[in-house]
Amino acid sequence: MRTRLAATTIAAAAVIVGAAACSPNEEASDATHDMSSMSASHEAPHSSQASAGTEHNEADVMFAQMMLPHHEQALVMSDIILAKPGVPGNVTALAKRIKDAQGPEIDKLKSWLTAWNEPTHSSMDHEMDGMLSEDQIVQLRAAQGTDAARLFLTQMIEHHEGAVDMAKEEIADGKNTDAVEMARDIADSQQSEIDEMKAMLKGL
C-alpha cells in the first residue's frame, strides 16, 4: 500500500516538473496571461489617448479657432435674451438649450487647441460666417419683449447657418476624429434648431 502511494506521489511530481519545463513556444500559464492582459490594459488607453489628442491637421485647427469665438458669441446672445422680461417662454427655453449645448463644446475646443499647442484665437484673418457685428449686438441689447425675441431668432438663424457651414467644412477636410464628431453634432443639432426657429418666427 505504501509502495503504491509513493509511486503515485512520484508520478504526480514528475507531471508537475514536466509542465513547468514547457518550451517558451508553448502556451503561457493563466497567471502569465492574466499579467500580460493587465499590462496591456494599462498601456493601451494611454497610447490611444495620446494619438487622439495629437493627430490633427490644419482644417482641425481652423475649425476649433473659428468655432470657439462663434460659440462664445452665441452665449452672449443667449445671455442677452435671457436677461430680458417679456420674452416668450419658447424663445428663452431655446436660448437656455443653446447655452447648455455650446458651453461644454467651448471647453472642448479650448482643450484641443491647448493639446495641439495652438493659440485659442488665430492670428490669421479668418472670416467667420454668421458672426454678428457690434452694431447688431447693440440692437439686440436695446430691443424689448416680442421685438427682442424676433430679432434674436433672426440673428441666431444666421449665426447657426454660419456654424453649420463651418462644421460641414470640418467634416469634409478634418483629420481629428473628436473634432469631426463634434462637427457632425453641430451640423445636425443646429440645422434642427434653425428649422425650429423659423417656425417660432412665424408664430410671433
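Of the residues contained in the range 95-112, none is found to be open to solvent by 60 Å² or more (accessible area, probe 1.4 Å), in contact (Cβ under 8 Å) with a residue 12 or more places away in the chain and under 16 Å from A59 (Cβ atoms).
Scan the range 78-85 and give yes if some residue there is modelled with pLDDT of 95 or more, open to solvent by 60 Å² or more (accessible area, probe 1.4 Å), over 30 Å from D173 (Cα atoms) and out of contact with any Lys or Arg (no Cβ under 8 Å at 6 or more places or on another chain), otherwise no. Checked against the condition, which is being modelled with pLDDT of 95 or more, open to solvent by 60 Å² or more (accessible area, probe 1.4 Å), over 30 Å from D173 (Cα atoms) and out of contact with any Lys or Arg (no Cβ under 8 Å at 6 or more places or on another chain), the range 78-85 yields at least one hit.
State yes or no: is M156 over 15 Å from M77 (Cα atoms) and surrounded by 20 or more Cβ atoms within 10 Å (Cβ to Cβ)? So M156 does not fit the description; no. What are the pairs, 6+ residues apart or on separate chains, where a residue within the range 60-74 that is within 15 Å of D173 (Cα to Cα) and in contact (Cβ under 8 Å) with a residue 40 or more places away in the chain has its Cβ under 6 Å from a residue that is charged (D, E, K, R) and open to solvent by less than 20 Å² (accessible area, probe 1.4 Å)? Taking only residues 6 or more apart or on different chains, the pairs are F63/E170. Checking T146 against (1) surrounded by 19 or more Cβ atoms within 10 Å (Cβ to Cβ); (2) assigned to a helix (DSSP H, G or I), which test does it fail? That leaves (1) as the condition not met.
Mind listing whichever residues of the range 181-204 are among the aliphatic types (A, V, I, L, M) and in contact (Cβ under 8 Å) with a residue 40 or more places away in the chain? Scanning the range 181-204 gives M182, A183, I186, M197, M200, L201, L204.
The values are calculated or read from the model by the stated rules, or taken from the named source; none is laboratory data. In this text the structure is predicted, and so the values were computed from the model without any measurement. Counting neighbours? That spans all protein chains shown, and the Cβs are built from the backbone with ideal geometry, glycine included. Note: areas computed on protein heavy atoms with side chains; ligands, DNA, RNA excluded. Shrake-Rupley method; radii C 1.70, N 1.55, O 1.52, S 1.80 Å.
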